[in-house]
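See structure below.
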Amino acid sequence: MDIVEFTPGNDQLTWTFGGAAPLRRVKPGTAMRLWTEDAFCGRLRSTADLASASLQMPFVNPQTGPFYVEGAEPGDTLVLHFVELTPARGWGASATIPFFGGLTSTDRTATLQDPLPERTWIYEVDTERQTVGFQAQGSDLEIALPIETMLGTVGVAPANGEARSSLVPDVFGGNMDTPEMKAGATCFLRVNVEGALFSVGDGHYRQGEGESCGTAVEGAMNVVLIVELLKTPGPVWPRIENDAYLAVVGSSRPLEDAWRAGQVDMVGWLGELYGLDKLDAYQLLSQISEVPLANVVDANYSVVTKVPKRHLPKVDAYSNIHTHLRDLAATLS
């Protein structure tokens, strides 16, 4: 298996999906070892560093990529299997940011209340214990939380020549912020432009469902992934498979439309896999679905529709490529 290693320089980071030239060409079946910068560009390093003084829009949430996948054509299915996601720094950062987050006024949900106070938290990484340390600032409470790495942002170039901010999730993927995007997961994305032009970034050392305040434990990440390509129709919304679940990520506003998008696509996926008509698939989904919120803070909200494999007859989704890539990943260790 070919292995491509790439660490971007500061001048190679990208801030959009679409609108950027590819940094490398890769063949399907290639493993990639990548480095991604954190959403704050490494600028929040202490509790004294505040977002309003340290960050400059639109230069937040940098991406590593885009990468041109040889042979990828519009309508195909790009497959990304995540092998390893490892913290690349000894600390992660989180913050409250004025007029940003799920429990504050925003420019879209305008009220007369003042913004929440700014604050930055630094989480020290304990590699031996595999924890990050929460330290309260208004009391002496400290908690060691398990490291549960994920990528907040995975996506391809949008259709129709669009360039979309790396802060936005949509049908092309993007800033979905779901903890399902973790090592051992396989992500399926519809190719919209020649070469797919995929990028990844926004590493989180851990994140609760919904990302309530708008920031996770943000950290630079070492990423190992395998790239594949299927000449089959790509999904409308990003799909994820791991050993336990099939999942779809829908993104929209209002929140119920994000839920609806994922539910509709899962109805279609169950129909494809098991030969069910629309109403039978709808009925089955109604009894077995799990629906965690991914984010309720971004330009679009993201909701995950999951179905547990344990409730379903065994089936080989996408010709069982998840299992194939999972086994292939073991050879990289």
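The values are calculated or read from the model by the stated rules, or taken from the named source; none is laboratory data. All values derive from a computational prediction rather than experimental measurement. Methodologically, a virtual Cβ is constructed for each residue, glycine included, from the backbone with ideal geometry; neighbour enumeration extends over all protein chains shown. We work out accessible area using only protein heavy atoms, side chains counted, and drop any ligands, DNA or RNA first. Shrake-Rupley method; radii C 1.70, N 1.55, O 1.52, S 1.80 Å.
Values for this structure:
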| item | result |
| --- | --- |
| Tally, over the stretch 299-333, of residues that are among the hydroxyl-bearing types (S, T, Y), outside any helix (DSSP H, G or I), over 19 Å from Q283 (Cα atoms) and at pLDDT 95 or above | 2 |
| Flag if V200 is crowded, with 24+ Cβ neighbours inside 10 Å, under 19 Å from P58 (Cα atoms) and touching a strand residue (DSSP E or B) at 6+ places or on another chain (Cβ under 9 Å) | yes |
| Where M57 falls short, out of the listed (1) in a strand (DSSP E or B); (2) surrounded by fewer than 18 Cβ atoms within 10 Å (Cβ to Cβ) | (1) |
| Qualifying residue in the stretch 107-122 (condition: of a type in the set (S, T, N, Q), in contact with a Leu (Cβ under 9 Å, 6 or more places away or on another chain), outside any loop (DSSP other than H, G, I, E, B) and modelled with pLDDT of 95 or more) | yes |
| Boolean, L167 is at pLDDT 95 or above, open to solvent by less than 50 Å² (accessible area, probe 1.4 Å) and under 22 Å from the mean Cα position of the chain (by Cα) | no |
| Matching strands (runs of 3 or more DSSP E) fully within the stretch 199-256 where at least 2 residues are within 13 Å of the chain's Cα centre (by Cα), of a type in the set (G, A, S) and at pLDDT 95 or above | 245-252 |
| Test: residue in the stretch 146-158 that is more than 20 Å from I240 (Cα to Cα), without any contact (Cβ under 8 Å) to a residue 40 or more places away in the chain and out of contact with any Pro (no Cβ under 7 Å at 6 or more places or on another chain) | no |
| Subset of the stretch 60-78 (residues that are surrounded by fewer than 23 Cβ atoms within 10 Å (Cβ to Cβ) and not charged (D, E, K, R)) | V60, Y68, G71, P74, G75, T77 |
| Hey, T96 open to solvent by 10 Å² or more (accessible area, probe 1.4 Å), assigned to a strand (DSSP E or B) and not aliphatic (A, V, I, L, M) or not | yes |
| Matching residues, the stretch 64-89, being closer than 22 Å to Y123 by Cα, in a strand (DSSP E or B) and not β-branched (V, I, T) | E84, L85, P87 |
| Test set (1) farther than 17 Å from V168 by Cα; (2) open to solvent by 70 Å² or more (accessible area, probe 1.4 Å) - W35 fails condition number | (2) |
